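Take a look at the structure set out below.
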Amino acid sequence: MTNIVNHWIGGKTAEGASGSYGPVTNPATGAVTTKVAFASVDEVDAAVAAAKDAYLTWGQSSLAQRTSILFSFRALLDAHRDEIAGLITAEHGKVHSDALGEVARGLEIVDLACGITVQVKGELSTQVATRVDVASIRQPLGVVAGITPFNFPAMVPMWMFPLAIACGNTFVLKPSEKDPSAAMKIAELLSEAGLPDGVFNVVHGDKVAVDRLLEHPDVKAVSFVGSTPIARYIHTTASANGKRVQALGGAKNHMLVLPDADLDAAADAAVSAAYGSAGERCMAISAVVAVGAVGDELVRKIRERAEKIKIGPGDDPASEMGPLITAAHRDKVASYVEGAAAEGCEVVLDGTGLTVDGHEDGHWIGISLLDRVPTTAKAYQDEIFGPVLCVLRAETYEEGLALINASPFGNGTAIFTRDGGAARRFQLEVEAGMVGVNVPIPVPVGYHSFGGWKDSLFGDHHIYGNDGTHFYTRGKVVTTRWPDPSDAPAGVDLGFPRNH
């Protein structure tokens, strides 16, 4: 009998009632291992109602209570990290080490949430006028929602809900229907840690569930990570319904390699950043811009390293890269490589014919490397979200910078150079939200915020860090004037001296 992943509403499992289900596949075998219940409008409403009811008490709970529960959750998450990583590998396909790394990065935001007291303490100005004080405080919003992608089924939700609930909100998560089990395990651990029923809820589903969250009058804010077209839709729709929105979209991250760079380090970085997690991450380097005469040597070094990558099932310790999430996505990624030569690209490595012995029905694709890619090629223009690296050539730093800044995406970027002056110019002049200097994937640590520019972000707030705290709270300013005790009406003795 096929396992069923149901919803989590009001502190317990809620069996799907819509009669609609989606398949969950093991990408390494192609076999459907689970089916996930898709929520109806009524089921989404039930989750929001549970969250709204829980907010009446959770929103008034003490910071000490909230952080104590989060500390307990952190300990449980740490103890179960290997189990969660196993769930990720089974449903997403990434190798176990990548899955463990994902959980570790999620833990980083839980750590931040455990110390939320510093972030929400407010400000006070005394004596702004005679006997007048002004205080700025931050309060929770109410019920907030998170809509998260398949590529990081544990980490991205943890970029959202720890800060949201630490700030006093209640949360409804709609994870990807392609790999839903990690979210359910997280819900169980939160409950075990003592989180009150209804503070954290999970509903699975498709556009029906998403649209209901975007329009529901009791949902005050929506966080999203995914593709640019959907991010734009989420932002437009939720904003039209009066909600606060942070919607992180897609990317085409560039790595600029200057002639003075350490080419071995640059090649190592390009391979790990382009092909790690099978390229299914919004911070993957998918375009290398080689400046001057270094291009041929850099491509040779990248090829040498890429050809050694061991591809196989994610639960095999020898595997360094796993399959793609679905067969349809595999075919889409392959189409960019298959059409590359006709668009003027030099195909250095073509991984579209890869199969893995014993797992012939898995969603496999090998490493692909395209050189001398024109900016008109679809492989350059689109976010491929797979193990395909494009190499472009530029004669000068200025030409390379202009190429990067012409991209409609502005998520992350990197420069490889020994020249501090060039690196300083680049970090100021490049149009992207996250910049690495000799760092290929510049994902900020938890206490700094993550987010891009241009078509990589819709909304004013980046995710986690200080921006995350501000997103999940709203400001209030209180101006206070109290009479001095010595001004008490005649005949009222407050025990206060009247000799001044």
Of all residues in the range 66-121, how many are touching a strand residue (DSSP E or B) at 6+ places or on another chain (Cβ under 8 Å) and either at pLDDT below 95 or at positive phi (or both)?
1
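Going through A99, A64 one at a time, which residue ends up being touching a helix residue (DSSP H, G or I) at 6+ places or on another chain (Cβ under 9 Å), assigned to a helix (DSSP H, G or I) and more than 30 Å from R281 (Cα to Cα)?
Numbers: A99 fails: more than 30 Å from R281 (Cα to Cα).
Answer to the selection: A64.
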Every listed condition ((1) open to solvent by less than 20 Å² (accessible area, probe 1.4 Å); (2) under 24 Å from A231 (Cβ atoms); (3) of a type in the set (V, I, T)) holds for T375 save (1)
Can you name the residue in the range 21-44 that is touching a helix residue (DSSP H, G or I) at 6+ places or on another chain (Cβ under 8 Å) and in a loop (DSSP other than H, G, I, E, B) and, of all such residues, is nearest to V199 (Cα to Cα)?
A39
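Does E429 qualify as being over 19 Å from the mean Cα position of the chain (by Cα), more than 19 Å from A251 (Cα to Cα) and open to solvent by 50 Å² or more (accessible area, probe 1.4 Å)? Steps first, please.
Details: over 19 Å from the mean Cα position of the chain (by Cα): yes; more than 19 Å from A251 (Cα to Cα): no; open to solvent by 50 Å² or more (accessible area, probe 1.4 Å): yes.
It is false that E429 is over 19 Å from the mean Cα position of the chain (by Cα), more than 19 Å from A251 (Cα to Cα) and open to solvent by 50 Å² or more (accessible area, probe 1.4 Å).
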When you scan the range 318-331, do you find a residue that is of a type in the set (V, I, T), modelled with pLDDT of 95 or more and more than 18 Å from G412 (Cβ to Cβ), even just one?
yes
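Determine whether Y464 is open to solvent by 50 Å² or more (accessible area, probe 1.4 Å) and either of a type outside the set (A, V, I, L, M, F, W, C) or under 27 Å from the mean Cα position of the chain (by Cα) (or both). Spell out how you get there, then give the answer.
On the way: open to solvent by 50 Å² or more (accessible area, probe 1.4 Å): no; either of a type outside the set (A, V, I, L, M, F, W, C) or under 27 Å from the mean Cα position of the chain (by Cα) (or both): yes.
So Y464 does not fit the description; no.
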Matching residues, the range 254-276, being open to solvent by less than 10 Å² (accessible area, probe 1.4 Å) and among the hydroxyl-bearing types (S, T, Y)
Y275
All but one of (1) open to solvent by 10 Å² or more (accessible area, probe 1.4 Å); (2) over 30 Å from D316 (Cα atoms); (3) out of contact with any Lys or Arg (no Cβ under 8 Å at 6 or more places or on another chain) hold for A75; state the number of the condition that does not hold.
(2)
Of the conditions (1) without any contact (Cβ under 8 Å) to a residue 40 or more places away in the chain; (2) farther than 24 Å from E307 by Cα; (3) of a type outside the set (A, V, I, L, M, F, W, C); (4) part of a loop (DSSP other than H, G, I, E, B), R424 clears all except one; give me its number.
(4)
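Quick check on this structure: which one of G205, G198 is touching a helix residue (DSSP H, G or I) at 6+ places or on another chain (Cβ under 6 Å) and not polar (S, T, N, Q)? Quick ask: steps written out before the conclusion?
Values: G205 fails: touching a helix residue (DSSP H, G or I) at 6+ places or on another chain (Cβ under 6 Å).
The unique qualifying residue is G198.
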Select from the range 285-315 the residues that are open to solvent by 10 Å² or more (accessible area, probe 1.4 Å) and under 19 Å from S456 (Cβ atoms) and list them in ascending order.
S286
Turns out the strands (runs of 3 or more DSSP E) fully within the range 123-213 with at least 3 residues that are among the polar types (S, T, N, Q) are 123-129
Subset of the range 108-139, residues more than 24 Å from the chain's Cα centre (by Cα) and among the acidic types (D, E), comes to E123, D133
Can you find even one residue in the range 250-264 that is under 22 Å from V172 (Cα atoms) and in contact (Cβ under 8 Å) with a residue 40 or more places away in the chain?
no
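Given A104, A85, which one is outside any loop (DSSP other than H, G, I, E, B), within 19 Å of the chain's Cα centre (by Cα), under 24 Å from H329 (Cα atoms) and hydrophobic (A, V, I, L, M, F, W, C)? Give the steps one after another, and end with the answer.
On the way: A104 fails: under 24 Å from H329 (Cα atoms).
Result of the check over A104, A85: A85.
Can you name the residue in the range 471-499 that is of a type in the set (D, E) and part of a loop (DSSP other than H, G, I, E, B) and, of all such residues, is modelled with the highest pLDDT?
The first filter runs over the range 471-499 and keeps only residues of a type in the set (D, E), leaving 484, 487, 493.
This time we only want the ones that are part of a loop (DSSP other than H, G, I, E, B), so: 484, 493.
Numbers: D484: 85, D493: 65.
Step by step, filter the range 471-499, then rank; the result is D484.
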Please state which one of V128, V120, V134 is more than 30 Å from P27 (Cβ to Cβ), surrounded by fewer than 24 Cβ atoms within 10 Å (Cβ to Cβ) and in contact with an Asp or Glu (Cβ under 9 Å, 6 or more places away or on another chain).
V134
Verdict on T236 being open to solvent by 30 Å² or more (accessible area, probe 1.4 Å) and polar (S, T, N, Q):
yes
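The values are calculated or read from the model by the stated rules, or taken from the named source; none is laboratory data. A quick note: this is a predicted structure, and the numbers were derived from the prediction, not measured. Every residue, glycine as well, gets a Cβ built from its backbone with ideal geometry; the counts of neighbours run over all protein chains shown. These area figures cover heavy atoms from the full protein model, side chains too; ligands, DNA and RNA do not enter into them. Shrake-Rupley method; radii C 1.70, N 1.55, O 1.52, S 1.80 Å.
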